[in-house]
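Accompanying notes for the structure given below.
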Amino acid sequence: MIIQYYNPEGHKKLFESCSKVPVSVIVPCFCCRKTIKRTISSILNQSLLPRELILVEDASPDNGETLEELHSLKGQIYDKIETHIVELKENGGPSVARNIGWDKATQPYIAFLDSDDTWHPRKIEIQYGFMKSVRDVMITTHQTANFKEAMQLEKITKEITIGELRKYELLLSNRISTSSVMCRRDLNFRFNPQKRFSEDYDLWLRIICQGIKIFIIEYPLRFVHRDYYFSGGLSSRMVEMEKGELDNLRGLYKNRCLSLGEFLIFTAISEIKFLRRYFYDILRRKIA
């Protein structure tokens, strides 16, 4: 359901007198020495900078290389963005790292970014601008593009469609990438620290099933630099991710967010989609 057309150009005047906005960016870091500089560069290249950057080093088993890189980068950017490094003594996974960053954040808005993703230069300006212009919006997301596709994007000069993401749309497919999410810090939810696969999908489903509206900006403001499902991406973990997704559905049914009929239908849909991806991956590898 389309709720409006948001005109980024028309809202530029709201930010003419400021260079930073009250947003805390949270980046979980695990063995990311080779990609984190690119990720942080995309934050520094924002048309509106966040006031705070929280880097959560999740006990990377790389002899301190990731931590050393984080401290080096902090020294280079601290005068531009207030930067904090949180060093975890034990690896807790992305849920734990994001929750710790969330709890330590000082700004009223939170934006998540994975350590191998990047953002469109106007991501914060557009997403924060929309959330400030529409009252009581708690959480928003936006589309994602491969970085090669992103190079072909035209300059944003016209209105952007923004719609409300419905519960059944989200149950059919996870349209939310964690690196696309901006939410209010006081949103009373957290990632499940016990989950390491499909933990983000679990959170979005719990939020939307509690009646909280999620809005999606129909424009790619997050870029991935890998083949998401196949070689070099997540194909080696597809089985674990499917188990995590089915566990999410069981949790919703157990908490009476889904009827028995809904649970069975969406479980079947999830398994069919998984099998299609799985066998396509096998076929793709044989051809390659």
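The values are calculated or read from the model by the stated rules, or taken from the named source; none is laboratory data. Bear in mind the structure is a predicted one, so any value in this text is a computation, not a measurement. We place every Cβ from the backbone using ideal geometry, glycine too, and count neighbours over all the protein chains shown.
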| Residue count for segment 99-119, restricted to those that are over 13 Å from His225 (Cα atoms), within 15 Å of the chain's Cα centre (by Cα) and not aliphatic (A, V, I, L, M) | 5
| remark: Going through (1) over 30 Å from Lys148 (Cα atoms); (2) touching a Leu at 6+ places or on another chain (Cβ under 6 Å) one by one, Ser179 fails only at (1)
| message | Taking the criterion of being exposed (fewer than 15 other Cβ atoms within 10 Å of the Cβ) and under 29 Å from Cys32 (Cβ atoms), would at least one residue in segment 167-174 satisfy it? | response | yes
| query | Which members of segment 85-118 meet the condition of being of a type in the set (Asp, Glu) and within 19 Å of Ile40 (Cβ to Cβ)? | reply | Glu87, Asp114, Asp116, Asp117
| query | Among the candidates Lys89, Lys74, which residue alone is among the basic types (Lys, Arg), assigned by TED's automatic domain parsing to the domain that holds Lys213 and touching a Leu at 6+ places or on another chain (Cβ under 8 Å)? | reply | Lys74
| message | When you scan segment 148-165, do you find a residue that is of a type in the set (S, T, N, Q) and surrounded by 15 or more Cβ atoms within 10 Å (Cβ to Cβ), even just one? | response | no
| Elements of type helices (runs of 4 or more DSSP H) in segment 178-288, at least 3 residues being closer than 22 Å to Thr141 by Cα, in contact with a helix residue (DSSP H, G or I) (Cβ under 9 Å, 6 or more places away or on another chain) and outside the structural domain of Gln127 (by TED's automatic domain parsing) | 238-254
| at pLDDT below 95 and either under 19 Å from the mean Cα position of the chain (by Cα) or part of a loop (DSSP other than H, G, I, E, B) (or both), is that true of Thr144? | yes
| query | Which is under 30 Å from Gln107 (Cα atoms) and among the β-branched types (Val, Ile, Thr), of Ile269, Ile282, Ile214? | reply | Ile214
